[in-house]
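K.L.:
Let me give you the structure first, and then I'll get to my questions.
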Amino acid sequence: MTDVAHKTGIAIENGWKRHFLETLSLGLPLIGAQLAQNAIHVTDIVIIGRIGTNELAAMVLAAQFYFTIFIFGSGFAAAVVPLAAQAFAQGDVQQVRRAVRMGLWVVFAFSAVTMPLVYLGQQVLVALGQDPYVSELAASYIHIAGWSMFPALGFMVLRSFLSAVGKAGFVLYVTLIILVVNAFFAYALVLGHFGLPALGLRGAAMVALGVNILSFVLTVWYIRANADLQRFEIFVRFWRPDWHVLKEVFNLGLPISFTILAEVSLFTVASLLMGWIGTAELAAHGIALQLASLAFMIPLGLAQAATVRVGVAAGADDREALVRASWVVVVISAGISIIGGLAFTLFPSFFAGLFLDRTKEDAAVVLGFATSFVIVAGVFQLVDGLQAIAAGLLRGIKDTRMPMVLALISYWGIGFVLAYVLAFPLGWGGIGIWVGFVFGLIAASFLLLGRFVMLVRRMEKAA
């Protein structure tokens with residue numbers, strides 16, 4: 001272990017076995033946290049699905065609308081990871097503190113700026129061609145859950161900090177806590193159990209706001225109470241600005257935000273396109289999309305681990321560690337993606353049926369569409385994980401601008417165009433939209449991974 005690794009507590013020994021173990025040690029809590037976070041939304045979808053197809057379709061639209069705004073803001077939180085990880089590798093406590101503080105400043109400012117958009121949700125959805133009644137239902141959720149932006153993005157910044165300094169385990173614990181709290185209160189307030197009123201979508205929104213506040217408060221408490229983390233003094237003189245670091249967070253985070261948005265907005269627009277086709281197709285799309293998102297949480301957690309591992313190696317100026325850490329996470333992710341893809345392809349009806357009450361009169365129609373969508377979702381798992389890992393590796397070496405361009409080309413220049421052409425001019429319908437996804441993700445995975453390989457080779461020549 002190098003001297004830098006002794007200081008940081010994050011091993012960067014260069015044996016393949018060691019890299020494998022260290023990647024899993026960091027990655028497993030992050031994967032678990034991603035799965036638990038996603039399971040919160042899955043729980044809401046399952047519960048809302050018991051009410052009816054209109055409510056399920058509204059939840060799909062509301063979730064996509066909120067998530068599109070949230071995921072753009074999360075790019076600034078993601079920028080904290082390489083900044084904090086590289087500073088941590090160099091033993092620079094002050095720089096770690098500055099990166100986290102200014103990360104919080106940026107995401108809180110972003111949340112405030114986007115609140116007016118939250119209150120225009122219904123008008124936006126109607127203007128985009130969605131059913132007025134479904135849009136009204138979606139807005140009843142968005143107007144309440146939209147306030148979650150502040151604590152949710154704040155938690156993402158603190159999560160980035162904990163990951164960068166090797167304390168990712170707590171992220172899993174707090175996410176599991178809010179998973180249980182969300183499941184209990186969503187069941188009670190949405191459907192009206194345990195003597196509480198049945199509030200439907202508004203009840204789900206209230207619970208979403210509550211659990212996001214809880215996750216942020218618990219994480220702040222942990223950072224202030226943990227002896228190893230107190231030395232960073234994250235919340236001491238929090239009001240003091242550091243304009244240089246704030247600019248660095250913003251400049252690094254903005255391309256990340258656009259990169260993430262390029263992919264997520266493709267899925268959001270896909271939901272709108274599905275809404276043009278029909279309510280049953282939109283509900284089925286929501287089911288397949290939720291399953292795909294659930295499987296994606298594993299490579300996404302590994303991608304976050306990749307950013308930390310590569311960031312530490314880059315901060316220590318250890319090229320061999322950087323290369324081996326990269327290959328290990330790519331291999332692990334590929335293996336997991338193959339397993340997930342096969343599961344969806346072989347058992348699509350089983351997975352889709354988990355989200356429906358089959359006694360409803362329109363359940364069979366929704367299930368028929370969802371089954372075909374899930375099969376295609378199984379195919380694109382194979383490349384979706386690879387593009388996530390490639391993006392994470394590039395962030396670890398602070399390369400964010402060109403990946404943004406490559407993502408825009410892949411998801412919109414290729415993915416969206418094909419999805420629209422296949423779905424409408426060629427008459428493939430909903431399945432055409434999903435096939436378009438596949439080609440967009442294939443392009444992104446090859447372009448982003450190729451970019452990383454090129455930059456690493458350039459580093460090796462310059463060394």
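K.L.:
Contact list please: Cβ distance under 8 Å, first residue in the stretch 306-335 and more than 21 Å from residue 80 (Cα to Cα), second residue in a helix (DSSP H, G or I) and of a type in the set (Ser, Thr, Tyr), pairs at least six apart or on different chains.
P.N.:
The qualifying pairs are 328/23; 332/23.
K.L.:
Ok, one more. Among the helices (runs of 4 or more DSSP H) lying completely within the stretch 167-262, list those that include at least 3 residues that are more than 15 Å from residue 156 (Cα to Cα) and of a type in the set (Val, Ile, Thr).
P.N.:
Where helices (runs of 4 or more DSSP H) fall fully within the stretch 167-262 and carry at least 3 residues being more than 15 Å from residue 156 (Cα to Cα) and of a type in the set (Val, Ile, Thr), they are 169-191.
K.L.:
Just to be sure I understand, how many residues within the stretch 330-372 are assigned to a helix (DSSP H, G or I) and either under 22 Å from the mean Cα position of the chain (by Cα) or among the basic types (Lys, Arg) (or both)?
P.N.:
16
K.L.:
Taking the stretch 272-331, which residues are basic (Lys, Arg) and open to solvent by 30 Å² or more (accessible area, probe 1.4 Å)?
P.N.:
Within the stretch 272-331, 319, 324 meet the criteria.
K.L.:
Hey, among the residues in the stretch 236-267 that are in contact with a Leu (Cβ under 9 Å, 6 or more places away or on another chain) and open to solvent by less than 50 Å² (accessible area, probe 1.4 Å), which one's nearest to residue 181 (Cα to Cα)?
P.N.:
267
K.L.:
Under the condition of being open to solvent by 70 Å² or more (accessible area, probe 1.4 Å) and out of contact with any helix residue (DSSP H, G or I) (no Cβ under 9 Å at 6 or more places or on another chain), which residue from the stretch 188-228 is modelled with the highest pLDDT?
P.N.:
In this case the residue turns out to be 221.
K.L.:
Any residue at all in the stretch 166-174 that is free of Cβ contacts under 8 Å to residues at least 60 places away in the same chain and over 22 Å from residue 37 (Cα atoms)?
P.N.:
No, the conditions are met nowhere in the stretch 166-174.
K.L.:
Could you check the stretch 136-187 and list, in sequence order, the residues that are β-branched (Val, Ile, Thr), open to solvent by 30 Å² or more (accessible area, probe 1.4 Å) and over 23 Å from residue 119 (Cα atoms)?
P.N.:
Once the filter is applied, which keeps residues that are β-branched (Val, Ile, Thr), open to solvent by 30 Å² or more (accessible area, probe 1.4 Å) and over 23 Å from residue 119 (Cα atoms), the stretch 136-187 yields 177, 180, 181.
K.L.:
Right, next: Can you give me the number of residues within the stretch 80-128 that are open to solvent by 50 Å² or more (accessible area, probe 1.4 Å), aliphatic (A, V, I, L, M) and in contact (Cβ under 8 Å) with a residue 60 or more places away in the chain?
P.N.:
1
K.L.:
Could you grab me the full set of residues in the stretch 287-343 that are of a type outside the set (A, V, I, L, M) and within 18 Å of residue 400 (Cα to Cα)?
P.N.:
304, 307, 309, 311, 315, 326 - these are the residues of the stretch 287-343 that are of a type outside the set (A, V, I, L, M) and within 18 Å of residue 400 (Cα to Cα).
K.L.:
So for the stretch 187-203 (the condition being more than 20 Å from the chain's Cα centre (by Cα), within 24 Å of residue 87 (Cβ to Cβ) and aromatic (Phe, Trp, Tyr)), does at least one residue qualify?
P.N.:
No, the stretch 187-203 has no match at all.
K.L.:
Further, regarding this structure: Note down all Cβ pairs under 7 Å where the first residue falls in the stretch 276-304 and is on the phi > 0 side of the Ramachandran plot and at pLDDT below 85, the second is of a type in the set (A, V, I, L, M, F, W, C) and not in a helix (DSSP H, G or I), and they're at least six residues apart or on different chains.
P.N.:
Filtered contacts from the stretch 276-304: no entries.
K.L.:
Here's another thing I want to ask about it. Quick check on residue 76: is it closer than 15 Å to residue 151 by Cα and open to solvent by 30 Å² or more (accessible area, probe 1.4 Å)?
P.N.:
Judged against the criteria, residue 76 is not a match.
K.L.:
Among the residues of the stretch 29-52, how many are open to solvent by 30 Å² or more (accessible area, probe 1.4 Å), within 19 Å of residue 139 (Cβ to Cβ) and assigned to a helix (DSSP H, G or I)?
P.N.:
Of the residues in the stretch 29-52, 1 are open to solvent by 30 Å² or more (accessible area, probe 1.4 Å), within 19 Å of residue 139 (Cβ to Cβ) and assigned to a helix (DSSP H, G or I).
The values are calculated or read from the model by the stated rules, or taken from the named source; none is laboratory data. Please read all numbers here as calculations on a predicted model, not as lab measurements. With ideal geometry, Cβ positions are generated from the backbone for all residues, glycine too; neighbour counts draw on all protein chains shown. Note: areas computed on protein heavy atoms with side chains; ligands, DNA, RNA excluded. Shrake-Rupley method; radii C 1.70, N 1.55, O 1.52, S 1.80 Å.
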